[in-house]
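Written below as structure tokens is the structure these notes are about.
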Amino acid sequence: MVKDFSSFQPVDPFALQENVFDLLDKEWMLITAGNEQQFNTMTASWGSLGFLWRKPISIIFVRPQRHTYQFTEEYDTYTLSFFGHGNFRKELSFCGSKSGRDYDKVKETGLVPIATPNNSMAFEQARLILECRKLYADDIKPNAFVDTLLDKEIYPTKDHHRFYIGEIVGCYQKKI
Ligand SMILES: Cc1cc2nc3c(=O)[nH]c(=O)nc-3n(C[C@H](O)[C@H](O)[C@H](O)COP(=O)(O)O)c2cc1C
């Protein structure tokens, strides 16, 4: 069941008071792409939030074998949902270890999908949702590593991430 978006309020991304390192490494996020009819979500902790091409942006990294990859490829937007420190750990661990190919993640976790005003999908239980419009996508290239040991360490099976740079076009916080 997709609920309405009234429990969220739009905020200026420049007004956010977040520690990006903590947000990604400790809080984790759900990357979600698709629409109400079909979408997929997965847990991620590698990425970036920043400022590029005069825009607030996110960068996400998706390995090609992820089911989510088909959705980040097909759709023009993706969302990042943040749930707060230590919250929904069980659900995020599930979405970070099981594939949407094999499981209905919504049914298994109880996370409630919600459509943003632009019809991107995110989750009702999130405290913060960033909606991003894809600007640029490319694959991490083995021969571009300056630190070649890193390539061996992170990509022993050559499943190099595809990265997406997305403009943050919507930023929503849960109403208190
Ligand atoms: C904490 C955590 C962080 C993760 N970060 C990423 C990431 O940044 N990129 C990625 O491709 N996979 C990442 N994963 C793995 C995917 O979430 C996992 O493979 C997931 O089952 C993919 O689901 P899907 O096949 O439905 O897309 C992470 C997993 C966890 C638990």
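The values are calculated or read from the model by the stated rules, or taken from the named source; none is laboratory data. What you see is a predicted model; the values in this text were computed from it and never measured. Counting neighbours? That spans all protein chains shown, and the Cβs are built from the backbone with ideal geometry, glycine included.
Are any residues in the stretch 63-95 within 25 Å of A137 (Cα to Cα) and exposed (fewer than 14 other Cβ atoms within 10 Å of the Cβ), and if so, which ones?
Answer for the stretch 63-95, where residues must be within 25 Å of A137 (Cα to Cα) and exposed (fewer than 14 other Cβ atoms within 10 Å of the Cβ): P64, Q65, E74, D76.
How about the stretch 42-103: which strands (runs of 3 or more DSSP E) wholly inside it have at least 1 residues that are in contact with a strand residue (DSSP E or B) (Cβ under 8 Å, 6 or more places away or on another chain), within 13 Å of the ligand (Cβ to nearest atom) and not small (G, A, S)? Steps first, please.
Numbers: elements: 47-52, 55-62, 77-82.
Fully inside the stretch 42-103 and qualifying: 55-62, 77-82.
Report, ordered by the first and then the second residue, all pairs with beta carbons closer than 9 Å, sequence separation of six or more or different chains, a first member in the stretch 128-147 that is closer than 24 Å to E18 by Cα, and a second member that is at pLDDT 95 or above and exposed (fewer than 11 other Cβ atoms within 10 Å of the Cβ).
Once the first residue is closer than 24 Å to E18 by Cα and sits in the stretch 128-147, its partners that are at pLDDT 95 or above and exposed (fewer than 11 other Cβ atoms within 10 Å of the Cβ) give L135/W53.
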